[in-house]
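J.: Please find one structure pasted underneath; my questions will follow.
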Amino acid sequence: MALAILPSKMLAVELAVMVLVLLAMAQQSMQLSLRRPLPEVVKKINGNTVSYLGIVVSSSASEDALLNSGFFVPSTHVPFIDLVGRRFNIGKIKGVHVVVVNVGGEIPNVVLGTQVLFDLLTIRGIIHFGSAGSVSDSLSLGDVAVPASVAFTGNWEWKSNTSKRGKLKFGDFNLPQKGANSLGSADFQKVKLYTAGNPSQNLLWLPVDSDWLTVASELQGLKLQECVDETNETNCLENTPAIVFGGRGSTADIYLKNAAYGEFLANRLNVTFVDTASAAVALVREKGKKEKLAVDFRIRHNLVTNGSCFDLHLQASLTNEVPYILFRAISNSVIRGTSSSNSRYLATANSVKVAVKFIELIGTSSSVFKY
């Protein structure tokens, strides 16, 4: 009987050893695939020598405006890659290698699309542009905001209706006068940022790269488009649009039209504009002080042989140490309730113009890429 069982035991041991060896061999290849899901395609695109500026937008209007502007020249070799439902357009702007992707407008889509961009190609910096709503008199229709920081403001801790500690007290908005409100109050929660080799940080404001802000300051005085038809000067804005530096952006999965809440954001948090994507791009790209963003992928493999269980954990670390900058053009005023097809068109046109000019300033020089 023992002799009959022996071959099956030996087979089980051999199988266990084989699986262990294969999984050990797979560790390196899995780490590679996590960083570069299409290594052969990537090799064809950049020959292992080219790095790209990542141009991240969150709407079809912004994507189409840039791709059809005449500034974007598609690659003649590999003009695009379709991956995870998105098209990554590869080419040049002003002689600079770029990859343009519309990641979508919701925060989960923005995070996923931006991270995939880094997994696919060698990215040396991120430029995010698009439209936004103004909640401050410092920003008018057609202006382009270049914020110093952005925050997630849709991440709330909703207090009990007996608490008076929340910054946002719903009773303050009662009509005709302030008073008690069963909704109580809410506070804005910080975002926990995890980085390899450092304790996690709780941040509300995510700063934009200071070096790139210095470069962008050279755009001061750039003439922006004021009329839809510039030749005949028709369908024009009431104001002369300009680039406005500084201020703060607010990101949430909310399309904000409520003036009272807009005023609250401006008065309590010094927010100047609102959108649905900027902080998500900033979080993915947040480098802290040249830190490493770690993602832990685990594969648990259980192999039962004679009652034994083998647990194998594979780790991959994705390094996102690059600068980023945000350009948000004002298409509507939340406070004044003003918006039109003209203002939306001109906001898109002006955000593209500023982004392209910034890319031209960056050029092919490596002096502004210190990471």
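J.: For segment 88-108: of the residues being outside any strand (DSSP E or B) and within 14 Å of Val281 (Cα to Cα), which is least open to solvent (accessible area, probe 1.4 Å)? Break it down stepwise before answering.
T.: Here is the first cut: in segment 88-108, the residues outside any strand (DSSP E or B) are 94-95, 103-108.
Those still in the list that are within 14 Å of Val281 (Cα to Cα) too: 103-108.
Values: Val103: 4, Gly104: 20, Gly105: 21, Glu106: 97, Ile107: 32, Pro108: 87 Å².
Looking at the filtered set, the residue picked out is Val103.
J.: Considering only segment 172-195, state which residues are farther than 19 Å from Arg268 by Cα and polar (S, T, N, Q).
T.: Passing the criteria: Gln177, Asn181, Ser182, Thr195.
J.: A further question on this structure: Cβ contacts < 6 Å: first residue closer than 22 Å to Val111 by Cβ, restricted to segment 80-93; second residue aromatic (Phe, Trp, Tyr) and open to solvent by less than 20 Å² (accessible area, probe 1.4 Å), any location; separation 6+ or different chain. Result?
T.: Correct list of pairs: Ile81/Phe88.
J.: Here is a follow-up. Looking only at residues in segment 165-189 that are charged (D, E, K, R) and closer than 26 Å to Gly249 by Cα, which one is most open to solvent (accessible area, probe 1.4 Å)? Even if it seems obvious, please write down each step before you answer.
T.: Quick first cut of segment 165-189, residues charged (D, E, K, R) only: 165, 167, 169, 172, 178, 187.
Filter once more, so that each one left must be closer than 26 Å to Gly249 by Cα: 165, 167, 169, 172, 187.
Working: Arg165: 198, Lys167: 85, Lys169: 67, Asp172: 72, Asp187: 28 Å².
It comes out as Arg165.
J.: Same structure again: Look at Thr231 and say whether it is on the phi < 0 side of the Ramachandran plot, at pLDDT 95 or above and among the polar types (S, T, N, Q).
T.: Details: on the phi < 0 side of the Ramachandran plot: yes; at pLDDT 95 or above: no; among the polar types (S, T, N, Q): yes.
No, not satisfied.
J.: Then there is this: Considering each residue of segment 183-209, count those that are of a type in the set (Ser, Thr, Tyr) and at pLDDT 80 or above, and give that number.
T.: Total satisfying the criteria: 1.
J.: For a quick check of your reading of the model, give me the residue pairs whose first member lies in segment 328-344 and is open to solvent by less than 20 Å² (accessible area, probe 1.4 Å) and in a loop (DSSP other than H, G, I, E, B), whose second is at pLDDT 95 or above and not aliphatic (A, V, I, L, M), with beta-carbon atoms closer than 6 Å and at least 6 apart or on different chains.
T.: Val334/Gly133; Val334/Gly262
J.: One residue is enough: does segment 139-152 have a residue meeting the conditions open to solvent by 60 Å² or more (accessible area, probe 1.4 Å) and in a loop (DSSP other than H, G, I, E, B)? Steps first, answer last, please.
T.: Step one: of segment 139-152, the residues open to solvent by 60 Å² or more (accessible area, probe 1.4 Å) are none.
Checked segment 139-152: no residue is open to solvent by 60 Å² or more (accessible area, probe 1.4 Å) and in a loop (DSSP other than H, G, I, E, B).
J.: Then there is this: Is it the case, given these coordinates, that Asn270 is open to solvent by 80 Å² or more (accessible area, probe 1.4 Å), under 16 Å from Val146 (Cα atoms), in contact with a strand residue (DSSP E or B) (Cβ under 9 Å, 6 or more places away or on another chain) and not basic (Lys, Arg)? First the steps, then the outcome.
T.: Working: open to solvent by 80 Å² or more (accessible area, probe 1.4 Å): yes; under 16 Å from Val146 (Cα atoms): yes; in contact with a strand residue (DSSP E or B) (Cβ under 9 Å, 6 or more places away or on another chain): yes; not basic (Lys, Arg): yes.
Yes: the conditions hold for Asn270.
J.: From the residues in segment 60-87 that are within 18 Å of the chain's Cα centre (by Cα) and assigned to a loop (DSSP other than H, G, I, E, B), which one is surrounded by the fewest Cβ atoms within 10 Å (Cβ to Cβ)?
T.: Per the stated criteria, the residue is Gly85.
J.: Next question, about the same structure. For segment 109-138, what are the residues that are touching an Asp or Glu at 6+ places or on another chain (Cβ under 9 Å) and either hydroxyl-bearing (Ser, Thr, Tyr) or surrounded by fewer than 19 Cβ atoms within 10 Å (Cβ to Cβ) (or both)?
T.: Ser131, Ser134
J.: When segment 231-260 is examined, which residues are found to be surrounded by 12 or more Cβ atoms within 10 Å (Cβ to Cβ) and charged (D, E, K, R)?
T.: Across segment 231-260, the qualifying residues are Arg248, Asp253, Lys257.
The values are calculated or read from the model by the stated rules, or taken from the named source; none is laboratory data. Not measured: the values here are computed from a predicted model. Every residue, glycine among them, receives a Cβ derived from its backbone with ideal geometry; neighbour counts consider all protein chains shown. Accessible surface is based on the protein model in full, side chains and every heavy atom, while ligands, DNA and RNA are left aside. Shrake-Rupley method; radii C 1.70, N 1.55, O 1.52, S 1.80 Å.
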